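J.: After the structure tokens below, expect a handful of questions from me.
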Amino acid sequence: MTKQYWLMKSEPNEFSLQDLAMRPGQIEPWDGVRNYQARNFMRAMQPGDGVLFYHSNCALPGVVGLAEVSRSAYPDPTQFDPGNSHYDPCSDPANPRWDLVEVRYVRAFPRTVSLDELRQTPGLESNPVVRRGNRLSIMPVTPAEWQIVLALAGQ
């Protein structure tokens, strides 16, 4: 199977790249996604796929480092927990509505590759993250876009 690339957004005050680095084994389930398109992207992810870790809704939004998919999609247990903010009373355990993947920390960039910088970089015009108003938390990245972002980060 061909390696794929993804961009995954998280608000750093909720869960940051540094938080991922401090988890046991540097692995964390990417739970709580409640958007069908983002869920479908997670269902396409495979272990070893590359992840651009993006901090959103902060002073300097942008790509802050790399992670990788460490486990493919499986049912998100938070959908069945009435005490969890991601509880979905319409999700049936026999046919779960929501999935998650697990991600592993790879490394932090020496600097944030900002959204403004991404928007101004040739070759990234088609990427959904640079389009205004895109609210998806997970989106695909082409191999060429992946290489451009790594070059911007000095990687």
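Here, each number is a calculation from the coordinates, and none is a lab measurement. Predicted model only: the values in this text are computed from it and were never measured. Backbone-built Cβ (ideal geometry, glycine too); neighbour counts: all protein chains shown.
J.: Compute the distance from the alpha-carbon center of the stretch 109-131 to that of the stretch 35-55, in whole Å.
T.: A separation of 18 Å, based on Cα centres.
J.: Follow-up. Where both residues lie in the stretch 5-152, what percent of DSSP beta bridges are antiparallel, nearest 5?
T.: The antiparallel fraction comes to roughly 80 percent.
J.: Would you mind calculating the relative contact order of the chain from Cα pairs under 8 angstrom and at least 6 residues apart, reporting the percent as a whole number?
T.: Reported relative contact order: 30 percent.
J.: Which residue, Tyr74, Val106, Phe15, has the largest displacement toward the positive end of the dipole of the chain when charges sit on each Cβ (Lys, Arg +1; Asp, Glu -1)?
T.: Of the listed residues, the answer is Val106.
J.: Now for a different question. How about the stretch 38-124: which chymotrypsin sites (Phe, Trp or Tyr not before Pro) there are in a DSSP loop, with at most 15 other Cβ atoms within 10 Å of their Cβ?
T.: Sites meeting the loop and neighbour criteria: Tyr87.
J.: Hey, another quick one. Regarding the chain, what are the three Cα extents along the principal axes, ordered largest first, in Å?
T.: 46, 36, 31
J.: Using 7 Å Cα-to-Cβ label points, what is the Arg34/Arg111 separation (nm, one decimal)?
T.: 3.8 nm
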